[in-house]
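Taking it in order: structure first as structure tokens, then the write-up.
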Amino acid sequence: MFSERSLYVGGQAAGRVKYMDRQYDKTKMGKIVFGLFAVCAAGYLLLLFFVNQRVIRADVSGCEAGTAEQMEIKIEKIESKYGYLEVRGYAYEPGVSVDIADTQVLAYDPVEDVYYALPTENVRKESLTKQADDGFNYDYAQFRSVTRLSRLPGGCRACIWYRCNGADRLIHTEEVLFY
């Protein structure tokens, strides 16, 4: 693997130096680089996931109170599994295309009269537009929220903070998030 060669400085032998005679193994090096990349990517994704689990108090004082009659709202799924709460559903105003999607799931604590903003993402669901079949676009009316159960007090109710297309409505639902 290594060979020794003499090192000459000023015509005099200064000692022996070891040199690598073989080139690196490309397959082995590729596996090492891929492994390091995979570990770094997984660590980064985990960091993003845990940073996104923030549950903060929401100030809804300037919101208009919305009703289910003026909106098309449905909480499709509330599931508690492995210490996490997942809320999935959709909200849109019939006859108004969702050009700017900004829907937030809130947990309302009736005991303390406090709203908690849950990390929420708007999700594309083309079937909503097809289902409505009224010529308007509701593709991004779907929302999904995942958060740790330990971040919420028990007995919270699900609320929808609808801020699409400049609207600012708070819609209360009768859905209990968990006890």
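Overall dimensions of the range 32-179, expressed as equivalent-ellipsoid semi-axes from the Cα gyration tensor (√(5λ), whole Å, largest first), are 28, 22, 13. For the listed peptides 149-161, 73-85, a ranking on the average number of other beta carbons within 10 Å per residue, highest first, reads 149-161, 73-85. Using only the C-alpha atoms, the convex hull of the range 118-176 corresponds to 110 Å³ per residue. Computed with the Debye formula from one identical point scatterer per Cα of the range 89-133, without solvent, the log10 of I(q)/I(0) at q = 0.25, 0.30 Å⁻¹ comes to -0.96, -1.18. Here the accessible area is traced with a 1.4 Å probe on the protein chains. For the range 23-171, carbon and sulfur cover 54 percent of it.
For the peptides 32-40, 116-124, residues were scored by their other Cβ atoms within 10 Å and the scores averaged per peptide; the highest-first order is 116-124, 32-40. Once the 1.4 Å probe is applied to the protein heavy atoms, the range 17-169 comes out at 62 Å² accessible per residue.
For the range 71-167, the relative contact order comes to 35 percent (Cα pairs under 8 Å, sequence separation of at least 6).
Using a simple spin-label model with pseudo-atoms 7 Å out from Cα toward Cβ, Y82 and R148 lie 1.5 nm apart.
The values are calculated or read from the model by the stated rules, or taken from the named source; none is laboratory data. Treat the numbers as computed from the prediction; the structure is a model and nothing was measured. For neighbour counting, all protein chains shown are included, and Cβ atoms are generated from backbone atoms with ideal geometry for every residue, glycine included. What goes into the accessible areas is simple: the full protein's heavy atoms, side chains included, and nothing from ligands, DNA or RNA. Shrake-Rupley method; radii C 1.70, N 1.55, O 1.52, S 1.80 Å.
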